[in-house]
Amino acid sequence: MKPSKAEPGADMASNAAPKGRVTVPPKARKKPTVIQRMVIENTFRCQLLEVFSPSEIYVRLTTDITNSLQYHCPHKLQKLQRTPALGSFVMAPLEEHVYGRAEVRSVNDTENGVFVLVHFIDEGKYDWVHVGTLCEIEEQMFFHPMQAVQLALFGVECPSSKASRTDFLDESDGEDEEEKKEGEKKPRKKKKPTDCFWTVDHFERLKKVLSDYEDFQIQYIRTKKDKYGMKERALVQRMELFGIVDGKLEAIGPRFTAEAADLGVLYKRDLVYGSDTDSYGTNYQIRPELRPNSMSAWQMAISVDWGEDVGGIIAPKGYLPGTKVFDESFQTTFGAISPSVTTFTKELIRESYADENGRVEMFVVPIKELSPFEFYVIPIKRTPDLPLTGMRCSTILEQVLTLRQQFTDMLNAFYIEKQNRVFPDPLQTLRAIYERKIVFAVYETPPTESSVVARYRRVLLVGFVLVTDDPEMENDPSSWLVKVVFLDYGGTDTVPLTSLLQIHSKHCVQEPFTIQLVCPVNDIWPTVAKSNYEQRLSAIFRAIVPTDCIVSANLTEVMERPTSGAFDPKFAHIRPNVLVAKNLKETDRDDFLDKITGREFERAEKDARRRQDNELPKQLKVKKVGFGRIKRLHFEWITVAPEAEIAERPMTALAKPVSDMESFFLPRNRRR
C-alpha cells in the first residue's frame, strides 16, 4: 500500500530496513475470508488422519497446532446469523465440547431443517451438522494454514474402467505391422482420468497396507514452473508417502501397487514432476450420507454446556460481554491505548536507590551492542530486605535476580491463561507508534523447554517495519514487525506484531528491573548518522566498563526530553525510562570509567598507526592487556571500505534539526 500524497512518508522508501520496507500503518484492514492450504516443500514426519482413496489422503504434521485452533468449552461462541455460502469458513462442532475450523461444502434444506456438509480443515474429515450449530470464526484463525494436508500418492496410476483386469500383463503384444516395419513403437494414447476411477477393492487394499504402520513421513515432489517462473499450485499435492518400521522408510506407493497388481494398478517410475500424476475419482460414496434421525444431539443444536444465548452470543456467565473485562481499571482513550508502566525518574532514584551521596549501585547488563550511547543496568534497590553491607557481589546479584524471577513467574502464570491473552488492535497499535505515543505491552516469547526463560516480558514499543512487498499483505498483522525495548531484561529486539499482548494495569505498578542509560563521554551525544568515531568510542567503552561486578554512578534525567510527553524513538537517549549516567566508577577504584573512556578515546584518535599504512579509514579493535592500577588499552586498526568513512565529528542529534518522518523510522545503520 503506497502512502497518499497527503500523508508524510511517501518519499521514505530509502529508509527501508534491509529485510523489508518501511511504510505508514494501513488505514483500514480488510477482514480475511480465506484460509490458505499448507504448502509442503520438504520432508516431514506426520500422522495419518483420513483415507478416502489413493488420490485423497489426509495427513497432519507432528508439529501441528490444531489444539490451539479449536474452541474448547468454556469459550465464547457467536452464532452464525445466516446460511453460509459454499466455500466459506465457519466454526462447526467437532465434538460436544469442541469446535473446529471447517469449510462449507454443501447445503441441504430438508423437512427436518437446513443441514450443512462441512469439511474440518484441520482434521481432514467430513460431517453433516445443523446450520444452527455453526458459529462465526475469529479473525486470527484465518492467519494459520490448514493443518490437514491433502495428498495423492505419487506415481500410482489407476486402471481404466474399460480395460480388462489382465490387460496390463501383455501390453507389448498390440503393435501393428506398420509399427514393426518402422522399427519403433507408436506411443500409447494416455488414458483420460474420466475413464479411470478407484473402486472399493482399491480402497480396501490401500487400508490394509496403511494399517501395518503407525508412523509416516511425507516427501515433497517438485513441481513445474510456469512461463513467469512461478511454481504451479495444485489443490491436491502429489507426494511420496512412507511408512516407518524400526526406523526404516517403506514407500507406500510401490507397495500398494504390488498389493493391487491384480486390480490393474500401475506404478510409474519415470515420472519427474508432481503434476505428472493424475488424480482420480471413485465409484463409491466417500462423503457421509445425511441422516438427521441418527445424528447426535450436539450436531443438531449447540450443547447447553456452552452457556446461554444472549443476543447471538453463547458463553458462560463469566465470558459474556459486559460481565468480564480484561482490565476494569483502564479504559482505552485517544491519547493512551495501554496503561503506563512506572518508569524511573529522578525522584524515584533519590527515594529508593541512591545513597547519601546521590550515587546508585548497579550491574551492567552484558549485551553485544553495549555503548555509551545506549546501555542497560540493573539498579540495586536499598531496602531492609536487601542489605548491601558486607555482602558478596554474587550474592547481591542472586537476590536481585530472584526478585525479578518472582515477578516473571507471576506474569507467566497470568498470561498463560487463555482468557488473559488479549491481543491489542493491530491498527491502533501501529497508529499509536506512528504518532509517537507511549505504548506498553507484553511480548510472548517462543516457548522453550527451560522454565527459567521468561515466557512473557514487559516491553515498550518504539518503532515498526513492514516486511513484505506485496500490497495485499499490508493488512495482514503478521506482515509487521515492531521494535521493542525489554523493560525488565534490557536490550531491544524486533518482534512480530502478532506476538504482543495487552498489559494489565496491575503489572504496571512494579518499576522496571533495568534502566536504560546514556553516558555522554566528553560531552558526546548520539548522532543522527552512523560514524566511525562512534564505533571507536563504543569499542573502548565496552573494554573499560565491567559487567561482572558492581558499579556506581550519579543518575540524572535527560534535560532534552520533550515537554509535550511525546518521544522520538529514533534517538535512544530520549525514550521513556532513560537516565543520564555520570561519574561512573567501580566500587574498589577511584577513577571514573567515563573519564578513562574519554582519555583512551583521545589517545586512540592520536594513534599514529591509524594512518600508518594508507589514508583509508580504519576500524578500531581493542584489546585488554591486563589492567593494573591504571586501565590502559592496546589498539589495533583494521582497514574498512572507503565509502564507510563519515565525518569525524558529525553534528549531534540535539543540534541538527530533522523532519518528523526522518526521526520516526528505524535507523538504517541498525545501531539501536
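Since every read-out is calculated from the coordinates, none of them should be taken as a lab result. These numbers come from a predicted model, not from an experiment. We place every Cβ from the backbone using ideal geometry, glycine too, and count neighbours over all the protein chains shown.
For 409, 246, what ranking results if the residue with the fewest other Cβ atoms within 10 Å of its Cβ goes first?
So the residues, fewest neighbours to most, are 246, 409.
In the structure shown, do any of 125/248; 76/418; 381/418; 346/381 have a Cα-Cα gap over 23 Å, and if so which?
Over 23 Å apart, Cα to Cα: 125/248; 381/418.
Can you sort 538, 296, 160 so the residue with the fewest Cβ neighbours within 10 Å comes first?
By the 10 Å Cβ count, ascending, the order reads 296, 160, 538.
Please report the net charge: other residues with Cβ closer than 14 Å to the Cβ of residue 44, K and R +1, D and E -1.
-2
Count charges around residue 306 for me, please; just the other residues with Cβ under 11 Å from its Cβ, Lys/Arg as +1, Asp/Glu as -1.
Local charge sum for residue 306: -2.
What ranking do 82, 287 get, fewest neighbouring Cβ atoms within 10 angstrom at the top?
Ordered from fewest to most neighbouring Cβ atoms within 10 Å, 82, 287 come out as 82, 287.
At a Förster radius of 25 Å, what calculated FRET efficiency corresponds to the Cβ-Cβ distance of residue 473 and residue 85, to the nearest 0.05?
About 0.55, to the nearest 0.05.
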